[in-house]
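Following: one structure in structure tokens, then a few remarks.
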Amino acid sequence: MKKYKGMGIVLILVVLILGIYFGFFLDRTPPVIKILGKKYIGREDPIIQVYVTDKDSYIKNIHIKLTQGIWSKKIDLPNVKGKKEYKYKINIPKLGIKEGVFSINVSAADNSINNFLLGNQRILNKSFILDTTPPSILMKTYRHNLVVGGAGVAGFMVSEPVSKIGIKVDKYFFPAYPYKGSYCCFFAIPYDVDPKNMTPWVIAIDRAGNEMKIPLRCYIKTRRFLRSKINITDKFLQQKMVQYEQDFKGLTPLQIFLKVNKIIRKDNRARLRKIGLDTEKKILFSGPFLRQPRTVREASFGTKRTYIYKGRVIDRETHLGVDLASTARAPILAANNGRVVFAGWYGIYGNAVIIDHGYGVQSLYGHLSYIKVKRNDLVKKGEIIGNSGATGLAGGDHLHFAILISGVPVDPVEWWDKNWLKNNILYNLKQLSSK
Ligand SMILES: [Zn+2]
């Protein structure tokens, strides 16, 4: 009797221990399901990945069901059982799914004895949109006469919402922005682009990544830029390179000059492209741009400069603005209405101001001695924004004035000319406004 009693206690203990064991260690977490893919599935990458993991037990089964309207399809996954993780790629168009919304339902169970041996189950539903049709582009402007180093504007409509739209000129991309139910795109033929055998493209990419590109019909005139020699004196190096000493410690003034003229100039240009995106989606400018009054042009746009030190060529660069000089510390006027998008130290341009005039059109004022405005100030044409000076890489007091199209410098002379503005910019904007 005593013996049985002892066995009974052991049995109870065993059941208790097993109960506690399973209570604590029973796998109650279902497998983790991930359905990976972009919301809009395009023709370039029409793949959705199903990813199932179960770290505690093993996977028992996975069921995938695709549904589109009244159509549906089940996919039986082979060799699922006993795996800890399982990846499956679904090629959407191959399965017979048509353009439009569809959904994927994935259910997965593990090997746990939970749920009366059925295992832990998880279900995940996700919907996608299949779109393999690229957008179509309808041009609304036809007159595009440009010169190398000059600017223009084109307008077009697209058949569906887009993720990227604009004009590509060689390696430069100019974004287009909504304009009265269409898109307008200010673009340039940059100074370093050879127009022969080069086609500007209007490019539209939809949300699914489908790309459409059509050639932009335009007439591009070639242009010969001036050449000039600039003598770099020791006096210039002594006086000017102190501004950049902290960036290039331990270098001689000449070495600093070469770094500034190459590296900082390049950085400055890249940064202009970023600032060019900080733009109003409306036309802020009104009429031709103002040329600083009572000034003499000291250097033109596109001039190829050769830098000479002690009779030796040390560098070559292109001048991408117009230099205007008058009296020292002359008041500098905003060339047109706009919003200040930059005011401060800007590398080779010293103290500089950049004003945005909308749709990527901006004006830059360099080498200032004093800045009167700050970022986000709204300015009117003719308003004083600072005083001229010789900060940055400037030999004497003058204004470096540049017009930028999405951060790409163009010849400001066009923007001062009311006939050019009327025939090339305002005419095309009017075409865009008409139905
Ligand atoms: Zn200049």
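Values in this text are rule-based calculations from the coordinates and carry no lab data. Everything numeric in this text was worked out from a predicted model, so none of it was measured. Positions of Cβ are generated from backbone atoms using ideal geometry, with glycine treated the same way; all protein chains shown enter the neighbour counts.
Sorted by packing (mean other beta-carbon atoms within 10 Å per residue), highest first, where do 183-192, 112-121 land?
183-192, 112-121
Under the 0.36 nm per residue contour assumption, what length would be gained going from the current alpha-carbon distance of residue 274 and residue 39 to full extension?
81.8 nm
Round to the nearest 10 and give me the degree value, 0 to 90, for the angle of helix 265-275's Cα axis relative to the longest principal axis of the chain.
Helix 265-275 sits roughly 60 degrees off the main axis of the chain.
Mind listing the phi-derived Karplus ³J(HN,Hα) values for region 315-332, rounded to whole Hz, using 6.51, -1.76 and 1.60 with θ = phi - 60°, and x for any glycine or proline?
Here the 3J(HN,Hα) series is 6, 9, 8, 10, 7, 10, x, 10, 9, 10, 10, 9, 7, 5, 6, 6, x, 10 Hz.
Checking the cross-link filter: which lysines have an alpha carbon closer than 16 Å to that of residue 180, excluding same-chain neighbours under 8 positions apart?
140, 281, 282, 430, 435
So, R0 is 25 Å and r is the distance between the beta-carbons of residue 17 and residue 88; what FRET efficiency does that work out to, to 0.05?
0.05
With +1 assigned to the C-beta of every Lys and Arg and -1 to the C-beta of every Asp and Glu, and no other charges, what is the dipole magnitude of the chain about the Cα centre in debye, to the nearest 20? All intermediate terms of the calculation are to be shown ahead of the outcome.
On the way: 69 positive and 33 negative charges, 99 e Å.
For this selection, approximately 480 debye.
In straight Cα distance, which aspartates and glutamates are under 14 Å from residue 65, not counting same-chain residues fewer than 8 positions off?
76
Relative contact order of region 100-158, please, whole-number percent, based on alpha carbon pairs below 8 angstrom and at least 6 residues apart.
Values: 73 pairs, mean separation 16.7, N = 59.
So the answer I get is 28 percent.
Mind scanning 168/196; 168/422; 171/196; 39/164 and naming the pairs with a C-alpha gap bigger than 18 Å? Spell out each step's value before the answer.
On the way: 168/196 15 Å; 168/422 24 Å; 171/196 15 Å; 39/164 16 Å.
In this structure, 168/422 exceed 18 Å between Cα atoms.
Sticking with the crude label model, points 7 Å out along Cα→Cβ, report the distance from residue 286 to residue 239 in nm, one decimal please.
Distance between label points: 4.1 nm.
Could you check the simple spin-label distance between residue 426 and residue 308, using points 7 Å along Cα→Cβ, in nm with one decimal?
Label at residue 426, label at residue 308, 4.5 nm between them.
Assuming R0 = 60 Å, can you tell me the calculated FRET efficiency for the pair residue 434 and residue 76, based on Cβ-Cβ distance, to the nearest 0.05?
It comes out at approximately 0.55.
What net charge is computed for the residues neighbouring residue 408, neighbours being all others with C-beta under 13 Å from the C-beta of residue 408, Lys and Arg scored +1, Asp and Glu -1?
It works out to a net charge of +3.
Can you tell me, using C-alpha contacts under 8 Å and at least 6 residues apart, the relative contact order of the chain as a whole percent?
It rounds to 13 percent for the chain.
Identify all aspartates and glutamates with a Cα-Cα distance to residue 87 below 13 Å; exclude those on the same chain that are fewer than 8 residues away in sequence.
54
For a quick protection proxy, order the peptides 136-143, 203-210 by their average other-Cβ count within 10 Å, most packed first.
203-210, 136-143
Helix 2-25 sits at what angle to the longest principal axis of the chain, using alpha carbons and giving 0 to 90 degrees rounded to 10?
20 degrees
Put +1 on the Cβ of every Lys and Arg and -1 on every Asp and Glu Cβ in the chain; which of 177, 288, 404 then has its Cα farthest towards the positive end of the dipole?
177
Take each of the peptides 76-89, 58-71, 317-330, average the number of other beta-carbon atoms within 10 Å over its residues, and list them starting from the highest.
The densest-packed peptide leads the list: 317-330, 58-71, 76-89.
Please report, largest first and rounded to whole Å, the three semi-axes of the ellipsoid equivalent to the chain, where each semi-axis is the square root of five times an eigenvalue of the C-alpha gyration tensor.
Here the semi-axes work out to 65, 31, 19 Å.
Taking 7 Å along the Cα-to-C-beta vector as the label spot, tell me the residue 294-residue 419 distance in nanometres, rounded to one decimal.
2.9 nm
How much length is gained if the chain between residue 28 and residue 160 is pulled fully straight, taking 0.36 nm per residue apart and subtracting their Cα-Cα distance, in nm to one decimal?
That works out to 42.8 nm of additional length.
Under a Cβ-only charge scheme (Lys and Arg +1, Asp and Glu -1), can you give me the dipole magnitude of region 139-212 about the Cα centre, in debye to the nearest 20?
In debye, rounded to 20, region 139-212 gives about 200.
Once the piece of chain linking residue 231 and residue 115 is laid out straight, how much longer is it, given 0.36 nm per residue of separation minus the C-alpha distance between them? Display every interim value, and only then the final one.
On the way: separation 116, 0.36 × 116 = 41.76 nm, distance 8.72 nm.
Gain on stretching residue 231 to residue 115: 33.0 nm.
Measuring from centroid to centroid over Cα atoms, what is the spacing of region 338-401 and region 144-193 in Å?
Cα centres, region 338-401 to region 144-193: 25 Å.
For residue 112, what charge total do you get from the other residues with a beta carbon under 14 Å from its beta carbon, if Lys and Arg give +1 and Asp and Glu give -1?
Here the charged neighbours net out to +2.
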